[in-house]
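What follows is a single structure, written as structure tokens, with notes after it.
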Amino acid sequence: MLNVSFTDIVRARNRVKQEIVETPLVRSQILSEQTGADVWFKMESLQKTGSFKVRGALNKLASLSEEELANGVITASAGNHAQGVAYAANLKQVSAMIVVPRTAPETKKAGIKRYGAELVEYGDNYDEAEAHAYRLAKETGRTFVHAFEDNEIIAGQGTVALEALLADPDFDTILVPAGGGGLLCGVAIAAKAINPDVKVIGIQTHASPPWYYSFRAGKLVDVEYSDSLADGLHGGITQGNLDLALRVVDDIILVEEEHVAQAMYWLAKEHHYMVEGSGAVGVAALLQNQLPQLKGKKVLNIISGSNVDAAKLAKIVQKYS
């Protein structure tokens, strides 16, 4: 059972603040005018390793014993969590083995290697890579660092909201990309501790919608998956994260793949930001007016990462130019 408190998130901030970028809050004038809301971006795309994931990884490794660190760590990830673990392990001079699906973007695999981790490619999706990583953990004695079903990971990701709300506590709604749920749950716990009235809305794509259907059913629901531009949000969720989200998250919505591509183009065109599909889902929802209830509200949208293959983004820009 997962159990993360606001105090855990404050402790996490104290652990990681010297090793991360305090990413800026940026107001989007054009999106505010278009939606009638006061829209701000939390630019985790500018974080070390290009994603918020390094926060959770740093906090997790800081919680391990000397013996655990000596045995090394292992994880499975579509890419951003992997880079976070590789970076944190490199910082602590700890051996790290990273298992990624063969479909992981080249830019993310290159980032893993850059930080000195051992890269293992296995399976066609996150779930297959994760199962293999668990087998390797048993064989090698390494500590498995879960991408989202872990108290320390969730607390680390929650520092995104703590940092943002310490800078500006007046947001009415926070839009959060929803993958495994570490960021979603961490943000909701921190935000509601500071302001119980704030609404936290998770966003997925139709290509990987377990949060949407499971949240509404109040239990894990089997769903069909297809290829997605938002690869960092792809894959199944766990009962532990769902139980936590049901206590602190207000809603989950879905966006279309086409709208994610359009949002990536829009961010490049209007703000000159290079943003991966996972980081663009909130903008996709806003551009498509899927959240009309936010008109007149102050909205924080988390831009979660920038690790998109340049060639893929170039094709998207060319298509919509």
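Each reported figure results from applying straightforward, stated rules to the coordinates on display, with no laboratory input. If you're wondering where the values come from, they're calculated on a predicted model, not measured in any experiment. FYI the Cβ positions are ideal-geometry reconstructions off the backbone, even for glycines, and counts take in every protein chain you see.
Tabulated data
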read-out	value
Net charge, ALA285 excluded, C-beta distance under 12 Å - Lys, Arg +1, Asp, Glu -1	-2
DSSP bridge pairs, the chain: antiparallel proportion in percent, nearest 5	10
Too-long pairs where the Cα-Cα distance tops 22 Å, listed order kept, from LYS269/LYS297; LYS60/LYS199; LYS17/LYS113; LYS42/LYS92; LYS48/LYS109	LYS269/LYS297; LYS60/LYS199; LYS17/LYS113; LYS42/LYS92
Principal-axis tilt of helix 126-140 within the chain, Cα atoms, nearest 10 degrees	20
Total formal charge among the other residues, if their Cβ is under 13 angstrom from that of VAL120, Lys/Arg +1 and Asp/Glu -1	0
Within the chain, longest stretch clear of exposed trypsin sites (Lys or Arg not before Pro) (DSSP loop, no more than 12 other Cβ within 10 Å)	103-218
Gain upon complete extension [LYS269, ARG27; 0.36 nm per residue less C-alpha separation]	85.5 nm
ALA217/TYR134 FRET efficiency (R0 22 Å; Cβ-Cβ; nearest 0.05)	0.25
Theoretical ellipticity at 222 nm over the chain - DSSP helices of four or more residues, -39500 (n - 2.57) apiece, nearest 500	-14500 deg cm²/dmol
Sorted by Cβ neighbour density within 10 Å, fewest at the top, the residues MET43, MET264	MET43, MET264
Highest-MSF residue in the chain out of GLN293, GLN83, GLN47 [GNM, Cα springs under 10 Å]	GLN293
